[in-house]
1. Looking at the range 57-73 only, could you name the residues that are in contact with a His (Cβ under 9 Å, 6 or more places away or on another chain) and surrounded by fewer than 15 Cβ atoms within 10 Å (Cβ to Cβ)?
2. Those residues that are outside any strand (DSSP E or B) and free of Cβ contacts under 8 Å to residues at least 60 places away in the same chain, I need them from the range 79-99; list them, please.
3. Which one of GLY42, GLY87 is farther than 22 Å from VAL3 by Cβ and out of contact with any strand residue (DSSP E or B) (no Cβ under 9 Å at 6 or more places or on another chain)?
4. Might you let me know whether the range 43-60 holds any residue that is closer than 25 Å to ARG24 by Cβ and out of contact with any Phe, Trp or Tyr (no Cβ under 7 Å at 6 or more places or on another chain)?
5. Looking at THR47, THR76, THR25, which one is buried (at least 16 other Cβ atoms within 10 Å of the Cβ), hydroxyl-bearing (Ser, Thr, Tyr) and either at pLDDT 95 or above or not in a loop (DSSP other than H, G, I, E, B) (or both)?
6. Go through the range 116-128 and count every residue that is in contact (Cβ under 8 Å) with a residue 12 or more places away in the chain and either at positive phi or in contact with a strand residue (DSSP E or B) (Cβ under 9 Å, 6 or more places away or on another chain) (or both).
7. Taking ALA102 as meeting all but one of (1) farther than 24 Å from ALA39 by Cα; (2) in a strand (DSSP E or B); (3) in contact with a Leu (Cβ under 8 Å, 6 or more places away or on another chain), write down the number of the exception.
8. Just give me the residues in the range 9-60 being free of Cβ contacts under 8 Å to residues at least 60 places away in the same chain and of a type in the set (Gly, Ala, Ser), in sequence order.
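The values are calculated or read from the model by the stated rules, or taken from the named source; none is laboratory data. In this text, all values refer to a predicted model and were calculated from it rather than measured experimentally. Note that each Cβ is placed from the backbone with ideal geometry, even for glycine, and that neighbours are counted across all protein chains shown.
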Amino acid sequence: MIVTRAQAHAFDAAAETSALTAGRTDIGAVVTFTGHVRAENGLEALTLEHYPAMTERSMAAIAAEAAARWPLLGGTVIHRHGRLLPGEAIVLVAVASAHRQAAFEAAEFLMDWLKTRAPFWKHDGSGWVAAKASDDDAAARW
């Protein structure tokens, strides 16, 4: 099962990974990805808005799709919302499997689909941030 959360407060990637693997002897690989807000083009802050029920359903559906495609033993996906500063963590994807290939592929899939299918709207202080064609291309490979 992959647990998904949209939250405003910071997360501890190491603690989340420890919770994912605690007491487990069947896990052979854990792949984690933590995305951070970049200070590009003078960005002072990034604000993410969302509709909680819509976001929760979308994130759960993306997680279910990953679980159906790969033999995963668990996972955690956290996406933050609210006002985030450059350098702050914005997203965590952690997946566990018996073998590394499934964990790596599932983590990439989850991140690609989160970028394109999870309903978060980003504002950089000067306007809404448009979706990138490169993100759509990455998601299309799955």
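1. Matches in the range 57-73: PRO71 only.
2. Of all residues in the range 79-99, those outside any strand (DSSP E or B) come to 81, 85-88, 98-99.
Selection gives LEU85, PRO86, GLY87.
3. Details: GLY87 fails: out of contact with any strand residue (DSSP E or B) (no Cβ under 9 Å at 6 or more places or on another chain).
The match here is GLY42.
4. Of the residues in the range 43-60, the ones closer than 25 Å to ARG24 by Cβ are 59-60.
Next cut, out of contact with any Phe, Trp or Tyr (no Cβ under 7 Å at 6 or more places or on another chain) only: 59-60.
Yes: one or more hits.
5. On the way: THR47 fails: buried (at least 16 other Cβ atoms within 10 Å of the Cβ); THR25 fails: buried (at least 16 other Cβ atoms within 10 Å of the Cβ).
Only one candidate qualifies: THR76.
6. Narrowing the range 116-128 to residues in contact (Cβ under 8 Å) with a residue 12 or more places away in the chain: 116-125.
After this cut, where a residue has to be either at positive phi or in contact with a strand residue (DSSP E or B) (Cβ under 9 Å, 6 or more places away or on another chain) (or both) as well, the list is 118, 120-125.
Final tally of qualifying residues: 7.
7. (2)
8. ALA14, ALA15, SER18, ALA19, ALA22, GLY23, ALA39, GLY42, ALA53, ALA60
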